[in-house]
Amino acid sequence: MVYLAIHHGKQAPTIPDAAARFDMSSNHLAKVAQTLVQHGYIVSYRGRGGGLKLALPIDEIGIGKLVRKTENLRLLPCFGSEASCPIQPACFLKNALHKAQEAFLKVLDDYTLADMVLNQDRLQEILKISEPA
């Protein structure tokens, strides 16, 4: 998402390009992109001149909401509805972890993708993204 945000006004980046710049698997990144497309955060264009673009303005993409929609937030098996832990009725750990997770997400709710790219010039420099011609 950060990579797409710093490409505003430039040629839409491709999955292989982004994967190479972040030294990650193209297959993994394709799965992430598919999830982001399904949730309406990005648009994927096929063919010549294709690539990925953000579907929303960066100041409308809340980080907390994004994490809630795209990440597995089950810290422990007991966070699911089919919990079978024998000490669950007397366990305080689940409640403590739930509170910690909610605090974590509440902090993320204070940020948008725009906040994550306030240092856009530095990010572009690090990733060797040139200015549009």
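The values are calculated or read from the model by the stated rules, or taken from the named source; none is laboratory data. Keep in mind that this is a model prediction, so the values were computed, not measured. Every residue, glycine as well, gets a Cβ built from its backbone with ideal geometry; the counts of neighbours run over all protein chains shown. With ligands, DNA and RNA removed, areas are computed over all heavy atoms of the protein, side chains included. Shrake-Rupley method; radii C 1.70, N 1.55, O 1.52, S 1.80 Å.
Some values worked out for this structure:
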item: Count of the stretch 98-126 residues which are over 20 Å from residue 22 (Cβ atoms), among the β-branched types (Val, Ile, Thr) and out of contact with any strand residue (DSSP E or B) (no Cβ under 7 Å at 6 or more places or on another chain); result: 1
item: Any hit, the stretch 102-125, residues being open to solvent by less than 60 Å² (accessible area, probe 1.4 Å), over 17 Å from residue 39 (Cβ atoms), touching a Cys at 6+ places or on another chain (Cβ under 9 Å) and outside any helix (DSSP H, G or I); result: no
item: Single unsatisfied condition, residue 123 versus (1) modelled with pLDDT under 95; (2) farther than 22 Å from residue 10 by Cβ; result: (2)
item: Selected residue (only one of 133, 96, 90 is modelled with pLDDT under 80 and farther than 16 Å from residue 5 by Cβ); result: 133
item: Single condition residue 83 does not satisfy, out of (1) in a loop (DSSP other than H, G, I, E, B); (2) of a type in the set (A, V, I, L, M, F, W, C); (3) open to solvent by 100 Å² or more (accessible area, probe 1.4 Å); result: (3)
